[in-house]
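Report on one structure; see the data block that follows.
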Amino acid sequence: MKVFKFGGASVKDPEAIVNLVRIMDNFRNEPIIIVVSAMGKTTNALEAILEAAYNKQSIQQLLDQLIDYHTDIISQLMSAAGESLVEEIKTLYNAIANDVETLDATNYNRIYDLVISKGEIASSTIINAYLNHKGRNSNWVDARKYLRTDSTFREGKVDWEFTCSKITALFPPLLQTNVAVTQGFIGGDVNGNTTTLGREGSDFTAAIIGSCLEVSEVVIWKDVDGILNADPKRINSAIKYNELPYQEAAEMAYYGASVIHPKTIKPLATKGIPLWVRPFNDISASGTCIHDCHVPDLEPAIIFKANQCLISFRVKDFTFINERNLSQIFQVLDALNIKINVMQNSAISFSVCVDNQNYKIKNLLEILRKEFDIYYNENLELITIKNYSEAIVKEISFKKSILLEQRTRNNYQIVVKDIESDA
C-alpha cells in the first residue's frame, strides 16, 4: 500500500490530470491512496474572494472566474459525460456567497477554513470522477470525516487516536478496487466544523494517512526533479539531493524549504516510512528519498523565506530584559499561534523574526505595547544556510542589509533587506 500526493501544479489543467492517470496506470496492481491539493492557484483565488467579502466588495465576478476555470477543465476531460459534475462544482462554489454573509473579524478564521477547503473538495471530486471515467473504479473519501483536529482554525492540531482509528477502519476496504481519492490540507473538529492544517498542509495529510496505515512509502509528485539544495531561480548552481536523512529534511522544511510541509517528516520517521519527492513529468526519474540514512559531506542547503517581520521588544523603564519579560512575550506568541523563525536577545531587547501575518502581528502589538517599547520592520527575508561554509556565507550575504545575524555550529541565518529596497 502506498500514498501518492499530487500538489496544485500537478493537477492544474486537463493535461496534468491526464498525466496523473498515466502515472497511476504504472501502479495498477497496487492499492494506492491519492491525496490531492486544490488545482493550480485555486487557494489564492479563494483567499482573494474571502478578502473581497471581508471588505464588503462584490465577489460574484471572482466566483464566476473560479467556476469557469474548473468547469472548463471538466469539459475538456469528459465533454458531455461531465455535465452533472459541472453542476456539482457550480453548487459547491456558489455556496460561498452564503458562507461569507456573516464574515467579520470574530469569525474570520472559521469561515476561512470553510471557504478555502472547497478548493480541495473540488479537485478531489473532479479527479475521482475522471479516474472512474477512465475505468479505474475510484472511491472518493471526505477527509473531514476521518481527519479529526481541534478547533484551532487555519492550523488544526490532529487528534491522532481518533484519526488513526478512522483511517485504519475506512481505507483498507475501499482499496480493494486499488484507488481511493481524498483531500489534503483539510479536516474537521468534533463539532462538525471544517478545519485546515496550515498552508500547504496536503503533504502532512499524506504523512498522517501513511503513518496510520504503515504504508510502504509516501510519494509527493512535484514539478521539480526532487529536493534541491537551493531555489534554482535564485542559485544557478543548485543541485539535487538523491537522499536525505529525516532530520536534515525536517530542519530544511522548518526553516522554510517549500518542497515539503514542516510537519510531514515526524509521523513518517517514527514509523520508518520512506518519503519520496518525484517529478510528475518524468516517472522514470529517481527524485529524492528521505529516509533513515547517513549522507557524508552533505551539500549545504540555502533556504530563502520571504515576507518576514522582525520585532524587537524593549522594557519601558530601561531595565534589562529578564525571564519574566520573556515569559510575557512567549505567552502572547503562543496564544496567538505565532511561530518564531529566529530569536535573539541582548541586555536591553529581545527580537523575534516571524512570518508577516498582519492580523496576528497587529494583535501581538496591541497586547504587548502596554509593557514594552516595540520596534518592527516588515518586507524582510530570512536566509538560512545549513552546513555552511565561509565562502557561501560571503556570497549569499553580499550586498545585503543585515538586520539580524546568527551562527551555530551547523547553521547560519540572517534577516535581510536588499540594498535596493532600502534606497
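State all residues of the stretch 7-30 that are at pLDDT below 95 and not in a helix (DSSP H, G or I); if no residue qualifies, say none.
GLY7, ASN26, PHE27, ARG28, ASN29, GLU30
From (1) in contact (Cβ under 8 Å) with a residue 60 or more places away in the chain; (2) outside the structural domain of ILE374 (by TED's automatic domain parsing), pick out the condition that doesn't hold for ASN307.
Failed condition: (2).
Every residue, every condition in (1) assigned by TED's automatic domain parsing to the domain that holds PRO172; (2) within 30 Å of ASN356 (Cβ to Cβ); (3) of a type in the set (Phe, Trp, Tyr); (4) without any contact (Cβ under 8 Å) to a residue 60 or more places away in the chain, yes or no:
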position	(1), (2), (3), (4)
VAL215	yes, no, no, no
LEU228	yes, yes, no, yes
LYS233	yes, yes, no, yes
ASN236	yes, yes, no, yes
TYR246	yes, yes, yes, yes
ALA250	yes, yes, no, yes
ILE273	yes, no, no, no
VAL277	yes, yes, no, yes
SER312	no, yes, no, no
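Does ASP159 satisfy the criteria of being of a type in the set (Asp, Glu) and either crowded, with 18+ Cβ neighbours inside 10 Å or over 12 Å from GLN183 (Cα atoms) (or both)?
It is true that ASP159 is of a type in the set (Asp, Glu) and either crowded, with 18+ Cβ neighbours inside 10 Å or over 12 Å from GLN183 (Cα atoms) (or both).
How about the stretch 139-156: which of its residues are in a loop (DSSP other than H, G, I, E, B) and surrounded by fewer than 17 Cβ atoms within 10 Å (Cβ to Cβ)?
Of everything in the stretch 139-156, those that are in a loop (DSSP other than H, G, I, E, B) and surrounded by fewer than 17 Cβ atoms within 10 Å (Cβ to Cβ) turn out to be ASP142, ASP150, SER151, THR152.
Being of a type in the set (S, T, N, Q) and at pLDDT below 95 narrows it down to one residue among ASN94, ASN109; which is it?
Checking each option against the conditions leaves just ASN109.
Could you list all residues from the stretch 211-237 that are touching a helix residue (DSSP H, G or I) at 6+ places or on another chain (Cβ under 6 Å), in a loop (DSSP other than H, G, I, E, B) and modelled with pLDDT of 95 or more?
Residue satisfying the conditions is GLU214 alone.
Tell me, which residue of the stretch 194-206 that is farther than 15 Å from VAL36 by Cβ and modelled with pLDDT of 95 or more is surrounded by the most Cβ atoms within 10 Å (Cβ to Cβ)?
THR195
Residue check: is GLN57 on the phi < 0 side of the Ramachandran plot, loosely packed, with under 13 Cβ neighbours inside 10 Å and not in a loop (DSSP other than H, G, I, E, B)?
For GLN57, the condition - on the phi < 0 side of the Ramachandran plot, loosely packed, with under 13 Cβ neighbours inside 10 Å and not in a loop (DSSP other than H, G, I, E, B) - is not met.
Starting from the stretch 285-298, take each residue that is in a loop (DSSP other than H, G, I, E, B) and list its partners that are among the basic types (Lys, Arg), counting only C-beta distances under 9 angstrom and pairs at least six apart or across chains.
The qualifying pairs are ALA285/ARG278; SER286/LYS240; SER286/ARG278; GLY287/LYS222; GLY287/LYS240; GLY287/ARG278; LEU298/LYS386.
Residues that are of a type in the set (Lys, Arg), farther than 18 Å from TYR254 by Cβ and more than 23 Å from the chain's Cα centre (by Cα): does the stretch 367-374 have at least one?
Checked against the condition, which is being of a type in the set (Lys, Arg), farther than 18 Å from TYR254 by Cβ and more than 23 Å from the chain's Cα centre (by Cα), the stretch 367-374 yields at least one hit.
One residue is enough: does the stretch 380-390 have a residue meeting the conditions more than 24 Å from ALA105 (Cβ to Cβ), without any contact (Cβ under 8 Å) to a residue 24 or more places away in the chain and not assigned by TED's automatic domain parsing to the domain that holds GLU51?
yes
The values are calculated or read from the model by the stated rules, or taken from the named source; none is laboratory data. Since the model is a prediction, treat every value here as computed from it, not as a measurement. A quick note on method: Cβ atoms are made from the backbone with ideal geometry, for glycine too, and the neighbour counts reach across all protein chains shown.
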